[in-house]
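Each remark here refers to the structure printed beneath this line.
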Amino acid sequence: MREVRVRFAPSPTGALHIGGIRTALYNYLLAKKLNGTMILRIEDTDQTRYVPGAEEYIEQSLAWVGIKIDEGVTAGGPHAPYRQSERKSIYKQHVQKLIDEGNAYYAFDTEEELEAMRNRLKAAGSSNQQYSATTRMIMNNSLTLSEGETKKNLDAGVAYVIRLKVPDSEEVQLHDLIRGEVKVHSSQIDDKVLMKSDGMPTYHLANVVDDYLMKISHVIRGEEWLPSAPLHVLLYRFFGWEKDMPQFVHLPLLLKPDGNGKLSKRDADQMGFPIFPLTWTDPKTNELAKGFRESGYLPEALINFLAFLGWNPGTTEEIFSMEELAQAFSIERIGKAGAKFDIQKAQWFNQQYLKAKTEADLAAYLFESLQQENILCSEEKALKICSIMKERVTFTQDFWQQGKFFFHGPTSYDEQVIAKKWNEDVVKVLTLFSKEISNTAELTAAVAKSILESVTNQLGIGTGKILQGLRVAVTGNGSGPDLMMTMEILGNEEVANRINHALSIIKK
RNA sequence: GGUCCCAUCGUCUAGGGGUUAGGACACCAGAUUUUCAUUCUGGUAACACGGGUUCGAUUCCCGUUGGGACUACCA
């Protein structure tokens with residue numbers, strides 16, 4: 001069996017979409033499972049769409065989720081350069097072979113002429129308005145021009161593109177590892193532009209040439225490429241590379257959570273979830289798009305979630321590390337149908353991973369937030385906070401978001417709780433409790449509990465009746481982590497102060 | 001419009017000629033937690049439709065419907 005070499009080949013036109021991460025992931029998992037090589041190739045042949053910073057963004061994103069690149073622009077490798085814009089001469093040389101053998105031709109048509117051709121066909125009721133076997137002989141190209149005229153045009157520097165001369169009548173077949181045999185009649189394939197007038201190749205040419213030269217064994221890419229795969233097969237044939245043609249694997253698409261269609265940034269914005277791995281600022285519009293990382297997702301949770309969108313191990317286990325995914329992975333178990341993006345499941349995965357972390361790991365996230373807020377905190381306190389909160393968080397920033405009261409006294413009190421639970425009894429209990437704990441050396445959770453019990457017993461009031469009141473006085477909230485532990489972390493002085501403050505402010 | 005791809009609970013999916021069609025998320029209910037969350041238990045919920053093939057199809061075949069992708073000198 002041949003050496004497994006896969007490639008992830010994004011184009012640097014902006015932030016890398018989450019679907020791209022999944023494509024990269026499946027490539028990576030196959031490589032890892034079969035001891036293969038993962039290649040990152042930058043497909044930057046459209047200079048009009050080039051976005052500065054996008055390439056760095058791609059590398060950083062892959063690094064963040066834990067996809068390691070064996071060969072690529074920064075990793076280097078035997079098939080450098082890995083940036084297509086730097087391989088122009090290679091494509092030129094190859095496309096020349098196609099021309100020499102009559103499988104490609106020069107076309108001089110202007111945009112207006114192409115437009116006119118399409119309109120004419122449309123008006124005539126034609127079902128497809130392509131530049132193809134049926135139309136190429138009425139266009140302005142080296143097939144209709146004499147050799148001399150063509151040469152004259154070329155010498156005079158008339159703008160031209162190079163088109164593939166697709167055979168007019170034959171069935172082009174390919175084998176896709178997910179979908180089986182896919183057949184397309186060549187009359188449905190148009191004479192695709194291979195080389196643009198600026199001398200850059202199009203995707204079709206560059207992709208086939210590079211995959212061959214880089215000895216790619218499996219082309220794993222999104223389903224949107226399936227319709228042009230037969231064209232690529234034709235190219236492999238014309239180049240005489242059919243026996244080295246990679247295996248095709250067209251992945252099901254990631255769909256919108258509601259309704260139908262391909263998942264887009266718009267959907268994500270509307271439904272309030274990220275679609276990019278890392279936060280991205282568009283250099284042109286300055287528009288900011290929050291990433292999964294900045295939204296509090298763990299890379300391992302995101303990967304686990306993504307892996308299961310279109311693939312499953314065939315068992316009921318769901319929590320898989322990257323290693324485990326690679327071991328379990330197989331192309332046969334990839335589904336065919338598109339998968340709707342369910343952010344709730346992603347949140348569940350995140351919660352699972354967060355819960356599995358050590359307190360020390362979690363404290364790092366808390367410290368990250370605290371640093372942004374310029375708040376100092378002892379290691380010991382942070383550890384304690386994380387330990388009582390880890391069961392209740394979904395995102396990394398929740399330790400701070402839901403635990404602000406550990407660092408600031410309440411500035412407001414939950415109104416509903418006040419309305420429902422704040423009463424004479426609460427005031428009585430809190431007044432006495434505050435006094436009692438002030439006289440305590442150290443307010444551990446156990447001490448707090450026993451003092452509270454003795455106070456309520458003394459006053460003949462049920463503890464359950466006043467607990468909500470105590471919580472709202474201390475934290476401002478109606479719910480939260482274990483209250484006794486919370487008070488231990490805060491310390492008797494702080495708790496007493498907060499209670500006294502609440503008693504003086506809240507009237508009933 | 002044309003070409004190609006796809007179709008099991010709301011969502012991700014397992015399954016496969018005879019099953020009580022399984023799991024997970026979400027949702028609902030109960031228990032635990034003197035709150036909330038966690039945890040536990042239980043529940044609601046699916047084979048798009050029509051023809052074949054077959055003793056028997058949700059499963060295999062065909063069609064219909066529905067959805068998606070592609071249809072650029074973008075990838």
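Below, the figures for the structure above:
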| quantity | calculated |
| --- | --- |
| Yes/no for A:LEU302 being in a helix (DSSP H, G or I), open to solvent by less than 20 Å² (accessible area, probe 1.4 Å) and touching a strand residue (DSSP E or B) at 6+ places or on another chain (Cβ under 9 Å) | no |
| Qualifying residue in segment A:109-124 (condition: in contact with a strand residue (DSSP E or B) (Cβ under 8 Å, 6 or more places away or on another chain) and open to solvent by less than 60 Å² (accessible area, probe 1.4 Å)) | yes |
| Residues being at pLDDT 90 or above and over 25 Å from A:HIS232 (Cα atoms) - total across segment A:121-139 | 1 |
| Pairs where the first residue, in segment A:437-464, is loosely packed, with under 13 Cβ neighbours inside 10 Å and the second is part of a helix (DSSP H, G or I), C-beta under 8 Å, 6+ apart | A:GLU442/A:ASN492; A:ALA446/A:MET484; A:GLU453/A:THR463; A:GLN458/A:LEU432; A:GLY462/A:THR456 |
| Complete set of residues in segment A:99-108 that are buried (at least 19 other Cβ atoms within 10 Å of the Cβ) and away from RNA strand B (no atom under 12 Å from the Cβ) | A:ASN103, A:ALA104, A:TYR105 |
| Selection within segment A:440-449 - of a type outside the set (A, V, I, L, M, F, W, C) and either within 11 Å of RNA strand B (Cβ to nearest atom) or modelled with pLDDT under 90 (or both) | A:THR440, A:GLU442, A:LYS449 |
| Yes/no for A:GLU181 being among the acidic types (Asp, Glu), within 10 Å of RNA strand B (Cβ to nearest atom) and not assigned by TED's automatic domain parsing to the domain that holds A:ILE99 | no |
| Filtered residues of segment A:188-212 (kept if surrounded by 17 or more Cβ atoms within 10 Å (Cβ to Cβ) and of a type in the set (Gly, Ala, Ser)) | A:ALA206 |
| Odd one out for A:ALA31 among (1) within 16 Å of RNA strand B (Cβ to nearest atom); (2) of a type in the set (A, V, I, L, M); (3) not in a loop (DSSP other than H, G, I, E, B) | (1) |
| Any hit, segment A:324-338, residues being without any contact (Cβ under 8 Å) to a residue 40 or more places away in the chain and away from RNA strand B (no atom under 14 Å from the Cβ) | yes |
| Residues that are more than 19 Å from A:MET487 (Cβ to Cβ) and either in a helix (DSSP H, G or I) or modelled with pLDDT of 95 or more (or both), drawn from segment A:400-424 | A:TRP400, A:GLN401, A:GLU415, A:GLN416, A:ILE418, A:ALA419, A:LYS420, A:GLU424 |
| Hey, A:THR48 over 17 Å from A:GLU223 (Cβ atoms) and not aliphatic (A, V, I, L, M) or not | yes |
| Every pair of residues 6+ apart whose Cβ atoms lie under 7 Å, when the first sits in segment A:467-495 and is outside the structural domain of A:GLU380 (by TED's automatic domain parsing) and under 17 Å from A:ALA446 (Cβ atoms) while the second is within 9 Å of RNA strand B (Cβ to nearest atom) and of a type in the set (Gly, Ala, Ser) | A:THR486/A:GLY480 |
| Of the criteria (1) surrounded by 19 or more Cβ atoms within 10 Å (Cβ to Cβ); (2) part of a loop (DSSP other than H, G, I, E, B), which one A:ASN286 fails | (1) |
| Single match in A:LEU483, A:LEU430, A:LEU490 (criterion: farther than 20 Å from A:LYS381 by Cα and not acidic (Asp, Glu)) | A:LEU430 |
| Contacts under 6 angstrom Cβ, first residue in segment A:57-86 being farther than 24 Å from A:LYS196 by Cβ, partner aromatic (Phe, Trp, Tyr), 6 or more apart | A:ILE67/A:TYR28; A:GLY72/A:TYR82 |
| Restricting segment A:476-496 to residues that are among the β-branched types (Val, Ile, Thr) and open to solvent by less than 10 Å² (accessible area, probe 1.4 Å), the residue that is farthest from RNA strand B (Cβ to nearest atom) | A:VAL495 |
| Hits in segment A:316-340 (condition: assigned to a loop (DSSP other than H, G, I, E, B) and either under 14 Å from A:LYS33 (Cα atoms) or touching a helix residue (DSSP H, G or I) at 6+ places or on another chain (Cβ under 8 Å) (or both)) | A:GLU318, A:ILE319, A:PHE320, A:SER321, A:PHE329, A:SER330, A:GLY338 |
| A:TYR50, sole failed condition from (1) within 16 Å of RNA strand B (Cβ to nearest atom); (2) touching a strand residue (DSSP E or B) at 6+ places or on another chain (Cβ under 6 Å) | (2) |
| Failed criterion for A:GLY180 (all others in (1) closer than 21 Å to A:ASN141 by Cβ; (2) surrounded by fewer than 20 Cβ atoms within 10 Å (Cβ to Cβ) hold) | (1) |
| Count - residues of segment A:137-159 that are within 21 Å of A:LEU231 (Cα to Cα), within 15 Å of RNA strand B (Cβ to nearest atom) and open to solvent by 60 Å² or more (accessible area, probe 1.4 Å) | 0 |
| Among residues of segment A:71-98, those that are away from RNA strand B (no atom under 16 Å from the Cβ), under 23 Å from A:PRO167 (Cα atoms) and touching a strand residue (DSSP E or B) at 6+ places or on another chain (Cβ under 8 Å), counted | 0 |
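The values are calculated or read from the model by the stated rules, or taken from the named source; none is laboratory data. This is a predicted model, so every value here is computed, not measured. No Cβ is skipped: glycine too gets one built from the backbone with ideal geometry, and neighbour counts run over all protein chains shown. All accessible areas refer to the heavy atoms of the entire protein, side chains included, with ligands and DNA or RNA removed. Shrake-Rupley method; radii C 1.70, N 1.55, O 1.52, S 1.80 Å.
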